[in-house]
1. Within segment B:196-248, take every residue that is basic (Lys, Arg) and in contact with a Phe, Trp or Tyr (Cβ under 6 Å, 6 or more places away or on another chain) and give me the one that is modelled with the lowest pLDDT.
2. Take the residues in segment B:278-305 that are surrounded by 15 or more Cβ atoms within 10 Å (Cβ to Cβ) and over 16 Å from B:Leu140 (Cβ atoms), then tell me which one is nearest to the chain's Cα centre (by Cα).
3. Taking segment B:248-277 on its own, how many of its residues are crowded, with 20+ Cβ neighbours inside 10 Å and closer than 29 Å to A:Arg150 by Cβ?
4. Only one of B:Phe246, B:Phe232 is outside any loop (DSSP other than H, G, I, E, B), away from chain A (no Cβ under 14 Å) and within 25 Å of the chain's Cα centre (by Cα). Can you tell me which?
5. Kindly check whether there is at least one residue in segment A:83-96 that is at pLDDT 95 or above, more than 17 Å from A:Gln24 (Cβ to Cβ) and either more than 7 Å from chain B (Cβ to nearest Cβ) or surrounded by fewer than 17 Cβ atoms within 10 Å (Cβ to Cβ) (or both).
6. Here are the criteria: (1) touching an Asp or Glu at 6+ places or on another chain (Cβ under 6 Å); (2) without any contact (Cβ under 8 Å) to a residue 60 or more places away in the chain; (3) crowded, with 21+ Cβ neighbours inside 10 Å; (4) within 11 Å of chain A (Cβ to nearest Cβ). Tell me which single one B:Ile169 does not satisfy.
7. Hey, among the residues in segment A:106-129 that are hydrophobic (A, V, I, L, M, F, W, C) and within 27 Å of the chain's Cα centre (by Cα), which one's modelled with the highest pLDDT?
8. Only residues that are more than 9 Å from chain A (Cβ to nearest Cβ) and either farther than 22 Å from A:Gln145 by Cβ or without any contact (Cβ under 8 Å) to a residue 40 or more places away in the chain (or both): list them for segment B:101-127, please.
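The values are calculated or read from the model by the stated rules, or taken from the named source; none is laboratory data. Just so you know, these numbers come straight off a predicted model, no measurement behind them. No Cβ is skipped: glycine too gets one built from the backbone with ideal geometry, and neighbour counts run over all protein chains shown.
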Amino acid sequence: MRREKTAIAALIVLAVGLAIGAAQILVVKVQTTQLRNSPQFFGPTLVTLKAGDRLEKLAEANGWIQVRTAGGAVGWIHSSAVAEGSAAVSPTGPVKTQATANEVALAGRGFNKQVEDSYKAKHADLSFVWVDRMVQIKIAPAELQDFLRRGHLGGVK
Amino acid sequence: MSAPNAAGRAALALIALALLAPSCSVIQQGADMLGSAGNAGSTVQTVTTAANKVRSSFADITEEEEYYIGRSVAAMILARYPVYQNDALTRYVNTVGCSVALYSDRPEIYAGYHFLILDTEEVNALAAPGGMIFVTKGLLRRCKDEETLGLILAHEVGHVAAKHGLQAIKKSRLTDAFMYLGTQAVKTFGPEDLAKLTTAFEGALNDIVEQLVVRGYDRSSEFDADGLAIKFGARIGYEPAAIVRFLKTMVGDRSNAAGKGWFKTHPSPEDRIARANQAIAGINPLPKIDPARTQRFTQSAASLR
């Protein structure tokens, strides 16, 4: 009986949790990104965020989301960089605030470096040299901004 | 196990399953709360298992997993084609590609977008999942301006943004892989799980490469990617008709390139042109070609002439 009551009480807590919008927590799903001062890619950045960082959603506009970090910084992040604290998240770094059990279960699991290494061991003839070089090619934001401006693209001034 | 206990668990599991669709995390938060009530070690297990069962389609592949799948797909593409080593031109292609990606529906991706040129006269462009994109020298030679290159790279970014590559993975393969992952929160796999996962990984790579290189995506995915190219291209400011200009170079082609690459794996250029023209007709205002862009393209691609 007592266990039943506890279970029912817990379900009520769960329902209340749903009602007050627990989905306001977002998790960074890309390796690294920037918390930005305004909802645009160019311009001042505030903090570097990494996969698994948890953010509180404050507002949303045109594909951008205003968030607060665990450290209290408030800024903007593009919606494609975050997931709504769901199964589609794989935090690789330490989680700032308490993660849900499901996220912990998925952390760094699945097709990861260990699986790649195991695959490489089976296919020693397959070279990853150019793959590693390719992912090192980086165009700095300032260079990209200059390229867009000179090409009269994206309305960049 | 006493009857009320079993009934309670069954009720929780049912409710959890009913709620899984809207949000897994919320369910889990509920389970955490149950855990803190000191009663639900097994309930957490039930809910977590249920949540993992939801991870069964391509859409549930995490960004990190997509990145690792993409790396190996890229390695397999690079086993078929040599790299055209030209730092200046590679950098230019990356700058155009990253610019277009920034105005796509998926500007942020796990490890960013990266582009390489393949040293072949075949007319081809390939996008591995995770944003590793390849264009051939033969394709670049057919581009007359930056608009065209921009639209073609936007087509490939479109495939990545829409996760067309991941959709090529057979569903049974994913179901198996997700099953091996189990529910324990450990980051390192034991030898048995690793062997099974590696087999599933290998299968997934073959599914994708088969589709990318041999069979091609279905027609609707290609028309979809053309539509996205026009949308992203117009958003950044490239003249969308550039893709039509390019496709026209493929009509009635009798060169050595015909029958390979895009000729083999894509719908006929005539069909693509007709649909592209329809999509372009709906864009207002329509960006126009810009001489400053054409000039830098001509300069960057001079080594190909």
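1. The initial filter retains those residues of segment B:196-248 that are basic (Lys, Arg), namely B:196, B:215, B:219, B:231, B:235, B:245, B:248.
Subset that is in contact with a Phe, Trp or Tyr (Cβ under 6 Å, 6 or more places away or on another chain): B:196, B:235.
On the way: B:Lys196: 88, B:Arg235: 97.
Here the answer is B:Lys196.
2. B:Ala279
3. Number of matching residues: 1.
4. Working: B:Phe232 fails: away from chain A (no Cβ under 14 Å).
So the residue among B:Phe246, B:Phe232 that is outside any loop (DSSP other than H, G, I, E, B), away from chain A (no Cβ under 14 Å) and within 25 Å of the chain's Cα centre (by Cα) is B:Phe246.
5. no
6. Status for B:Ile169: all satisfied but (2).
7. First, pick out the residues of segment A:106-129 that are hydrophobic (A, V, I, L, M, F, W, C): A:106-107, A:111, A:115, A:121, A:124, A:126, A:128-129.
Retained after the next criterion (residues that are within 27 Å of the chain's Cα centre (by Cα)): A:106-107, A:111, A:115, A:128.
On the way: A:Leu106: 56, A:Ala107: 55, A:Phe111: 89, A:Val115: 93, A:Phe128: 98.
Applying the filter and picking the extreme gives A:Phe128.
8. B:Ile117, B:Leu118, B:Asp119, B:Thr120, B:Glu121, B:Glu122, B:Val123, B:Asn124, B:Ala125, B:Leu126, B:Ala127
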